[in-house]
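The values are calculated or read from the model by the stated rules, or taken from the named source; none is laboratory data. Model, not experiment: these values are computed from the prediction. Cβ coordinates were reconstructed from backbone atoms using ideal geometry, including for glycine residues, and neighbour counts include every protein chain displayed.
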Ligand SMILES: [Zn+2]
């Protein structure tokens, strides 16, 4: 990916909450049928997964 593309995605990610208000950075799904620890944690969970994917692109 081009550097400006990565920066644009990073900027967007930075607008998502970095942690769940109730569970902090531990946003792993509490059960396989859930996306995150709780509904409030979904944006933080998505940010973490997207950040990991982005970091893999940077290598
Ligand atoms: Zn939560």
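Quick one: which residue in 40, 27 is part of a helix (DSSP H, G or I), surrounded by 14 or more Cβ atoms within 10 Å (Cβ to Cβ) and in contact with a strand residue (DSSP E or B) (Cβ under 7 Å, 6 or more places away or on another chain)?
On inspection, the qualifying residue turns out to be 40.
On the given criteria, is residue 47 more than 12 Å from the chain's Cα centre (by Cα) and modelled with pLDDT of 95 or more?
No; evaluated as a whole, the condition is false for this residue.
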